[in-house]
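Working notes, beginning with the structure itself.
Please treat every number below as a calculation from the coordinates, not as lab data. Nothing here was measured: the structure is a model prediction, and the numbers come from that model.
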Amino acid sequence: MKQNKPIIAETTPSYLVNLPMEIHFQIRDHLSRDPYTHISQLRILRLVCQLFDIIWSPVVLNNIVLFSRYQTHHDRAKYLRSLVHGKGNTLSCTTITLQNWDCLDTDIDRFLWDMKYYLWEIEAPILYGMVWLVVPFRILASPAVWLGKFLLGPRERFRKTLGYIQSRFYASLLSCKAQLAHIRCVKMTVTANQSRWTVYRSTRILSALPQLTELDLYIHLSVNLEHIAQCLKDVTSLRTFRLIMWPTDLLESKPRISCLRYFMARNPYLTRFALIPHHYGGLYDLSELFLDIPPNKPLKLDHISLNGNCTNYQALIPHVQALSSFEFSGFTANGYVKLFIADFTKAKIFPPTITVEYMNHCTGVLFTYLRSHPGIISLSFLTVAYSSDYIADADRLCSILVQHSKTLRSLKMPSSVLAGALGVSSIETSLLRCANLREIVLRKYHVEPMSCIPNGQEKYVDIGDEKQVLPIIAHLYPFLTVGFTNILVFRASIEYCRTSDNALVHDLAGRLFFLEESSVDSIFP
């Protein structure tokens, strides 16, 4: 009997693979900005072929995360071993995130940490004596405790203990063995329950990064900032430094930021600086950070980001002579904010890009500063506090926009504020005089779905403010782009423009874009 041979389908190479690399890069840039495409979908493209792996690896594999909270010790040790032995795909990585390092702490570390807070809460001499007795006993008894746990569950306990020991071992080798030469940005979180060992080992990685230029440091208020500053003594190449602090339930005391004055002095090329304490974290004197910087060699800060918990803004003046942008979060009615604006006005510090979180009825000093400004290029108000003088404030704001109409290129503000202001004909006329605007971003900080259709279809949101604003914006510069910070509002606005009978509004549909932003308050857990 004759046996039929299996039919093998001939595979022809896709013509997409033969496209020039310039077109591949353009496709990559377009998909990276597409709000409808998630990063998980882009990761799948690496599996198509070797060419796609080369193209998409720099986009989807640009961040090393150490560590995920839900990793097991075995998986954590396996990942660390691959980094130490150079088997991890780190050549395209430019960012490393250091977080959850307390998962490497031992039982003794946690016990000493607990006793530290007991000492702070109960300041009794007898307790100090008890600690000197309990700690050696705990250290001596630990092997017996671990042996008991091992006998109760030998196999599982052995795997867990082995993975735990391997994790600590490979973590200590990261700074000298891992291939992290391409890392330029570090995002580091230090919590109150981390031991000195984990803080030291995590910060040691920074000294092994030859191209490090950016550090985002997130800390609890109760951390030992002196120890962190000591561990960062070898970091001297920063161009960007961002310090974010938030309180814990254990302690309300604030760290002494003067510990970082040596760190600031050892980074003379710093151009971007942010100090953002939590609103309930107390006040911080900025002069303490700049004590060790030579008066004849001030910093040349290009951007600063502060909030209402900072004081003594006069200390910034020598370092912001070349300032091009500043960002201020918190109520502008704060007395320290008024001093901040007054100091900048007196020193004639007028950066072309200004971002203020709140616009409220106490912003008279801010409007005075904006009127004194020689030429604003970009102006942003992120939130508004409504008041009885709401229309008057909007009118003053529009008069400022008209004053800077020759230089103003970008405007960002809540859509509800702009919609309410444009209800007044004089304000609408003032806005239409800003003929040089090239970009308007409408921020929606509170979105309520009107209804939700089942079967996974899209939500419908209220875009009444946008429907009031877009027909007026359409009369501005014909190539003006309009951004949205909420994806649902963005999609609904595109649909509104596409179905509009107004030719100008219909043409605006092709110039709408989605802007993913990080809120000032979202940085706090």
* Asked: Let a ≥ b ≥ c be the square roots of the eigenvalues of the Cα gyration tensor of the range 166-213; is it rounded (a/c under 1.5), or, if not, prolate (a/b larger than b/c) or oblate?
  -> oblate
* Work out how much length residue 346 to residue 233 would gain on full extension: take 0.36 nm times their residue separation and subtract the Cα-Cα distance, in nm to one decimal. => 37.1 nm
